[in-house]
Each structure stands twice: as C-alpha cells, then as structure tokens.
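Where a number appears in this text, it was derived from the coordinates with a stated rule and is not lab data. Computed from a prediction, not measured in an experiment: that's the story for all the values here. Every residue, glycine as well, gets a Cβ built from its backbone with ideal geometry; the counts of neighbours run over all protein chains shown.
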Amino acid sequence: MALRLRPTDTSFYELFTISAQHLVIGAGILTEMISDDADREEVAKRMREAEHNCDENTHAIVRRVNSSFVTPFDREDIYALASGLDDVMDDMDEVVDLILLYEVTKFPREVVKAVDIIQRCAEITAEAMPKLRTMADLEEYWIEINRLENDGDKSYRRTLAKLFSGDFKAIEVLKLKDIVTSLEGAIDAFEKVANIVEQIAVKES
C-alpha cells in the first residue's frame, strides 16, 4: 500500500474558499456603494460587517496552521494566501470608507469600470480556491487575473488623466484620486493572491 505523506485534511481548502466568498460579498457591497440611490451609511455598515467576517475567517486559518502538525502545503504559503485574501477585503473596505467620509455621490465612468473589474476578480478567485485541493485547472485563473489587472492599470491611468484635465474642482480631484488609488490597490491585491496561488501550484506540481 502506498504511503500517504500528507493526511487528507480538507479544512484549509474550505477556509480559503470561504475567504474568497467573502470577497464576492465585499465586491457586491462596493458595487452598491457607487450606485446613485445608495444608502451609503447602511452600505458602509454592511461592508464593515463583511470585513469583520473575513478577518474572523483569516484568524481561523492561522489557528488551523498553528494547531496542525502537517499542512497540505507549506505553512508560509498558507499564511501568505490567507493574508493576501484578507488584504483584498481591507482594500475594498477602505474604498467604501473613503466614499462615505468624503461624501462622494457622483463617479466618473472609469470608477464604475474599476469596480466591475474588482467584482470579476472576486468571482474568478472564488471559483479558483476549491481547485487548490487538486491544483488542477488553475492556470487560466492567474492568467485572467493578470489580464484584468492590466486593464485596471490602464483604467487607473486614464482616470488620473481625466481628473487632472481641468473638468473637476480641486477638492473633487483630491477625493476621487484617493478613491481610485484604493480601487487600484484592491485590483493589485487580487493579482498578488493569484501570484501566490501560482507559486503554490508550481511547488506542488
């Protein structure tokens, strides 16, 4: 009988999947936040709750690592992936918080596009996490995230150019620049997660 070097422990995969599902929820809340008729106080409250739930799941992953003698892949990779997923939620929470604090109600279409990119990144990240169990069919995931991140970079540059075109008041420029920079940070954080997954897949192949 073949020796099993690692036990069958599915809890890490399940926890990573839960974290990614929290990101889908967060991206949906972010989309609500930029809608014209949003109750922004209420939406921001739900984002804080979503961020807290994501934090709790991250802590659960860390506790699981610390209590497990053998892990499905390297501990440092588990920590990095858990932290990377949590960072995405933190960035989305920051965007919502800035919109609330700055009392911004109207957004350039480039902001809407950035939020759409974030929502797509969240969806395909959530689809990818269960595949860590077998490490199969993950390449399309990180390739697509990279493509979306490139689109996000282009959109970010166009947004900055539009903000400094003279069509906006100085105070609007300052507020929107902070918001679009945080949106770009969230998209970059998704790419970081994809890079970590790629590194794990290469190690385990």
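When Leu81, Leu183, Leu160 are ordered from fewest to most other Cβ atoms inside 10 Å of their Cβ, what list results?
Ranking Leu81, Leu183, Leu160 by Cβ neighbours within 10 Å, fewest first, gives Leu160, Leu81, Leu183.
Which loop-located chymotrypsin sites (Phe, Trp or Tyr not before Pro) does segment 123-188 contain, where loop means any DSSP state but H, G, I, E or B and the Cβ has at most 12 other Cβ atoms within 10 Å?
Numbers: sites: Tyr141, Trp142, Tyr156, Phe164, Phe168; in loops: Phe164, Phe168.
Counting only loop positions with at most 12 other Cβ atoms within 10 Å, the chymotrypsin sites (Phe, Trp or Tyr not before Pro) in segment 123-188 are Phe164.
For segment 163-173, take each phi angle, set θ = phi - 60°, evaluate the Karplus expression 6.51 cos²θ - 1.76 cosθ + 1.60, and give the result in whole Hz per residue in order, putting x for glycine and proline.
Couplings: 4, 9, 7, x, 7, 10, 5, 4, 5, 5, 4 Hz.
Sorting Met135, Met33 on the 10 Å Cβ count, fewest up front, what's the list?
Least to most surrounded, the residues fall as Met135, Met33.
Please compute the modelled spin-label separation between Ser205 and Asp55, points set 7 Å along Cα→Cβ, answer in nm with one decimal.
Taking the two extended label points, one gets 3.8 nm.
All other residues with a Cβ under 14 Å from the Cβ of Glu140 taken together, and with Lys, Arg as +1 and Asp, Glu as -1, what is their net charge? Before the final figure, lay out each step's value.
On the way: positive: Arg120, Lys131, Arg147; negative: Glu123, Glu127, Asp137, Glu139, Glu144, Glu198.
That sum, taken over residues with Cβ under 14 Å, equals -3.
Taking θ as phi - 60°, what are the ³J(HN,Hα) couplings along segment 42-49 by the Karplus curve (6.51, -1.76, 1.60), each to the nearest whole Hz, with x for Gly and Pro?
Couplings: 5, 5, 5, 4, 5, 5, 4, 5 Hz.
Using a simple spin-label model with points 7 Å from Cα along the Cα→Cβ vector, what separation in nm is obtained for Arg109 and Tyr79?
4.6
Counting other beta carbons within 10 Å of each residue's own, what order do Met92, Met129 fall into, fewest first?
Met129, Met92
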